[in-house]
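**Student:** My questions will all concern the structure given below.
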Amino acid sequence: MPGSFFDTNVLLYAASADRAKADRAEQLIGEGGAISVQVLNEIANVARRKMGLSWTETHAFLDMIRGLLPVHPITIEIHEAGLSLAERYGLSLYDAMIAASALHADCDTLWSEVMQNRMVIEGRLRVVNPFRTGGFEESATFDVAWNASLSDTMTEWNNEDENVYNDLA
């Protein structure tokens with residue numbers, strides 16, 4: 001059953017002084033979803049370096065997150081898929097690993113403030129910025145047209161790649 005996957009930034013807003021974003025993050029976490037070990041690593045890094053949390057506080061924060069959301073491992077398969085996503089979609093390596101984990105977990109929504117809102121990855125994972133007005137529903141018409149155009153373009157590129165491969169063979 002498709003579900004939600006969280007990027008690090010959305011979870012960090014749960015501990016933010018920005019009440020509107022904190023409330024929205026808490027609402028989404030309460031609705032359920034999943035994360036990856038990559039997200040935990042990024043949370044630990046931000047907690048220590050930017051939030052100034054002690055190791056004890058960092059462990060407590062991570063324990064709380066792990067208690068609320070299932071954590072998916074990063075395997076070699078997910079790592080390889082992440083590299084491909086980074087190359088194909090121009091994602092940062094870290095964002096691509098999170099997207100690959102979300103795809104591997106069969107999620108259809110990736111909540112992220114920093115990735116391109118409304119981007120559809122591999123035709124089945126939609127990036128949604130939970131803090132933007134307009135939201136998911138209003139973007140549906142645009143996304144159908146954009147994805148149809150993208151699909152046509154990708155088909156053309158794949159056909160060109162096949163022709164180049166056949167020419168080399």
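The values are calculated or read from the model by the stated rules, or taken from the named source; none is laboratory data. Quick caveat, the model's predicted, so the values are computed rather than measured. We place every Cβ from the backbone using ideal geometry, glycine too, and count neighbours over all the protein chains shown.
**Student:** In segment 44-87, what count of residues is obtained for those that are more than 20 Å from Ile29 (Cβ to Cβ) and of a type in the set (Asp, Glu)?
**Tutor:** Within segment 44-87, residues that are more than 20 Å from Ile29 (Cβ to Cβ) and of a type in the set (Asp, Glu) number 3.
**Student:** Test Ala81 against the criterion of being buried (at least 18 other Cβ atoms within 10 Å of the Cβ) and under 14 Å from Ser4 (Cβ atoms), and give yes or no. Break it down into steps so the answer makes sense when it comes.
**Tutor:** Values: buried (at least 18 other Cβ atoms within 10 Å of the Cβ): yes; under 14 Å from Ser4 (Cβ atoms): no.
Against the criterion (buried (at least 18 other Cβ atoms within 10 Å of the Cβ) and under 14 Å from Ser4 (Cβ atoms)), Ala81 does not qualify.
**Student:** Is it true that some residue in segment 64-74 is more than 16 Å from Leu11 (Cβ to Cβ) and either among the aliphatic types (A, V, I, L, M) or outside any helix (DSSP H, G or I) (or both)? Break it down into steps so the answer makes sense when it comes.
**Tutor:** As a first pass, look at segment 64-74 and keep what is more than 16 Å from Leu11 (Cβ to Cβ): 73-74.
With either among the aliphatic types (A, V, I, L, M) or outside any helix (DSSP H, G or I) (or both) added as a condition, the list becomes 73-74.
Yes, segment 64-74 has at least one match.
**Student:** Name the residue, out of Ala34, Ala22, Ala99, Ala17, that is modelled with pLDDT of 95 or more and closer than 21 Å to Arg132 by Cβ. Steps first, answer last, please.
**Tutor:** Working: Ala34 fails: closer than 21 Å to Arg132 by Cβ; Ala22 fails: modelled with pLDDT of 95 or more; Ala17 fails: modelled with pLDDT of 95 or more.
Among Ala34, Ala22, Ala99, Ala17, only Ala99 is modelled with pLDDT of 95 or more and closer than 21 Å to Arg132 by Cβ.
**Student:** Quickly run through segment 102-111 and pick out the residues that are within 16 Å of Pro130 (Cα to Cα) and acidic (Asp, Glu).
**Tutor:** Passing the criteria: only Asp108.
**Student:** Another question, if that's okay. Could you check Leu53 against (1) closer than 19 Å to Asn117 by Cβ; (2) part of a loop (DSSP other than H, G, I, E, B) and say which number it fails?
**Tutor:** Failed condition: (1).
**Student:** Still on this structure: Show the residue pairs that are 6+ apart or on different chains and have beta-carbon atoms under 7 Å apart, the first residue being within segment 69-98 and on the phi < 0 side of the Ramachandran plot and in contact (Cβ under 8 Å) with a residue 24 or more places away in the chain, the second being acidic (Asp, Glu) and surrounded by 12 or more Cβ atoms within 10 Å (Cβ to Cβ).
**Tutor:** Here the result reads Tyr94/Glu42; Ile98/Asp7, each pair linking segment 69-98 to a residue that is acidic (Asp, Glu) and surrounded by 12 or more Cβ atoms within 10 Å (Cβ to Cβ).
**Student:** OK, next. Arg88 versus (1) exposed (fewer than 14 other Cβ atoms within 10 Å of the Cβ); (2) farther than 18 Å from Met119 by Cβ: which is the lone unmet condition?
**Tutor:** Failing condition for Arg88: (2).
**Student:** Working carefully through the options Phe131, Phe61, Phe136, find the one that is of a type in the set (Phe, Trp, Tyr), under 19 Å from Lys21 (Cβ atoms), part of a loop (DSSP other than H, G, I, E, B) and modelled with pLDDT under 95. Spell out how you get there, then give the answer.
**Tutor:** Working: Phe61 fails: part of a loop (DSSP other than H, G, I, E, B); Phe136 fails: part of a loop (DSSP other than H, G, I, E, B).
That would be Phe131, the only listed residue that is of a type in the set (Phe, Trp, Tyr), under 19 Å from Lys21 (Cβ atoms), part of a loop (DSSP other than H, G, I, E, B) and modelled with pLDDT under 95.
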